[in-house]
Amino acid sequence: MSSQQRNPGDPARRSNAPSPGFDTAAIRTQTARSPHREHSVPVYLTSSFVFDSAEHGRDLFSGDAEGLVYSRYGNPSVDELVEKLCLMEGTEDGVATATGMAAMFGTIAALLSAGDHLVCSRAVFGSTSQMLTRIFPRWGIETTFVPPGDPAAWEAAVRPNTKLFFAETPSNPGLELVDIPAVAEIAHSAGALMVVDNCFATPWLQQPARLGADIVTHSATKFMDGQGRVLGGAILGPAQAIEEVRFFCRQTGPSMSPFNAWVLSKSLETLSIRVDRHCENAEAVAHHLDAHPRVERTRYPFLDSHPQQELARRQMRRGGGLVTIDLPGGEEGAMQFINALRMITRSSNLGDSRSIATHPRTTTHARLAEEERLELGIRPATVRLAIGLENVEDIIADIEQALGKE
Ligand SMILES: *Cc1c(COP(=O)(O)O)cnc(C)c1O
């Protein structure tokens, strides 16, 4: 592997060639062809790579030669995915991980030490909040949780030992937003790095690094795969921070499988058109359900009724594929609605071509205390709809017939 491949967003490299457009980067960033001249890149299912000579092996290990050694360190399928993601997010460098949670864990474990402090949005993915409240404190890393939408609260939470800000925007399932430029500026004046989990928006809708954030993390399991097949994650950011992350990941082993990287790299070729269709369908569903007589409340970032609509339009291209609703009749009403769905799947995933309905209170957020859930806007009656790519008339018809049954 050349150093260029390792550092795809390197400014020196960027100045050599005009940077490709978003879709061109997603489609034409490819590992070099083999002697077979295949058009679509094959998957490199190999755990290790061959040394030309004993001396070559020595030089690869000492760093005197550049090249692939072992798939925990680097693999053509995985490196291709990382190179694409860097171009799509506008970051210098990156590391791919086995899951989204490995990306969240790897970022924090690589960059923080005992005695360090994080400021984190209280509206983060369930496992992220469990990791920060139940695992990292055992190693002396403390977190203060803040309301995502209030930059003053982020500022007030800063301590002399604050090293990292962690945000997820839009949040799950409340669809609350963090003002990325404002909060990144607060992080930087505190000498901290700003991390954004960009899983819900994807780089097509929002590019946190271009809005001032330092590190972008992903669960590639969701919209990036887009068809509910594989798990994956990524950590993308400036070369210096990613060097620390790469060292940590090499030694501790949360590497992405080459097969999953190959699936994800192919998926990215259609990311923008898929995410646009998710948004188009979700916008139609959100407008249909907003002020619907059988729905108490509809949340969607680009609805006029969303309290942060103006911020959403400033930092996102479109509103995303998630619509969150509150139904009349409390938890029973929500359960009845979910049970009455005929096409939309009952599952906990999202970002799939198939529409999915989830009851956050009893599934994804069941581990939280009721008070914490209410702070996140998760009520007994809340249902998260991850709008898929089916014909939107069929999605709305299924929702309508299920609402009619209450
Ligand atoms: C799913 C998800 C994760 C965790 O990703 P996995 O791939 O399931 O490990 C992290 N953050 C967000 C916002 C997610 O939706």
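Numbers below:
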read-out: Residues that are part of a helix (DSSP H, G or I), among the polar types (S, T, N, Q) and open to solvent by 10 Å² or more (accessible area, probe 1.4 Å), drawn from region 234-271; value: Q240, Q251, T252, N260
read-out: Residue check, A167 over 26 Å from F302 (Cβ atoms), touching a helix residue (DSSP H, G or I) at 6+ places or on another chain (Cβ under 7 Å), open to solvent by less than 10 Å² (accessible area, probe 1.4 Å) and at pLDDT 95 or above; value: no
read-out: Meets criteria (farther than 23 Å from L385 by Cβ and assigned by TED's automatic domain parsing to the domain that holds F248) for G212; value: yes
read-out: Which numbered condition T144 misses (of (1) surrounded by fewer than 18 Cβ atoms within 10 Å (Cβ to Cβ); (2) within 14 Å of the ligand (Cβ to nearest atom); (3) polar (S, T, N, Q)); value: (2)
read-out: Matching strands (runs of 3 or more DSSP E) fully within region 79-182 where at least 2 residues are under 22 Å from T364 (Cα atoms) and within 19 Å of the chain's Cα centre (by Cα); value: 117-121, 162-168
read-out: Filter result for T358 (over 22 Å from the mean Cα position of the chain (by Cα) and within 17 Å of Y300 (Cα to Cα)); value: no
read-out: Test for V158: is it touching a residue at least 24 places away in the same chain (Cβ under 8 Å), of a type outside the set (D, E), away from the ligand (no atom under 16 Å from the Cβ) and touching a Pro at 6+ places or on another chain (Cβ under 7 Å); value: no
read-out: Scope region 206-226; condition within 9 Å of the ligand (Cβ to nearest atom) and either part of a loop (DSSP other than H, G, I, E, B) or open to solvent by less than 10 Å² (accessible area, probe 1.4 Å) (or both); matching residues; value: T217, H218, A220, T221, K222
read-out: Residue in region 61-73 that is within 20 Å of the chain's Cα centre (by Cα), assigned to a loop (DSSP other than H, G, I, E, B) and within 20 Å of L231 (Cα to Cα) present; value: no
read-out: Selection from region 196-223 of residues that are touching a residue at least 60 places away in the same chain (Cβ under 8 Å) and farther than 14 Å from C86 by Cα; value: D197, C199, F200, A201, L205, L211, S219, T221, K222, F223
read-out: Scope region 1-29; condition at pLDDT below 95, polar (S, T, N, Q) and not in a helix (DSSP H, G or I); matching residues; value: S2, N7, S19
read-out: Any hit, region 276-285, residues being open to solvent by less than 10 Å² (accessible area, probe 1.4 Å), under 17 Å from K84 (Cα atoms) and within 16 Å of the ligand (Cβ to nearest atom); value: no
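The values are calculated or read from the model by the stated rules, or taken from the named source; none is laboratory data. This is a predicted model, so every value here is computed, not measured. Note: ideal-geometry Cβ built from the backbone for every residue, glycine included; neighbour counts use all protein chains shown. With ligands, DNA and RNA removed, areas are computed over all heavy atoms of the protein, side chains included. Shrake-Rupley method; radii C 1.70, N 1.55, O 1.52, S 1.80 Å.
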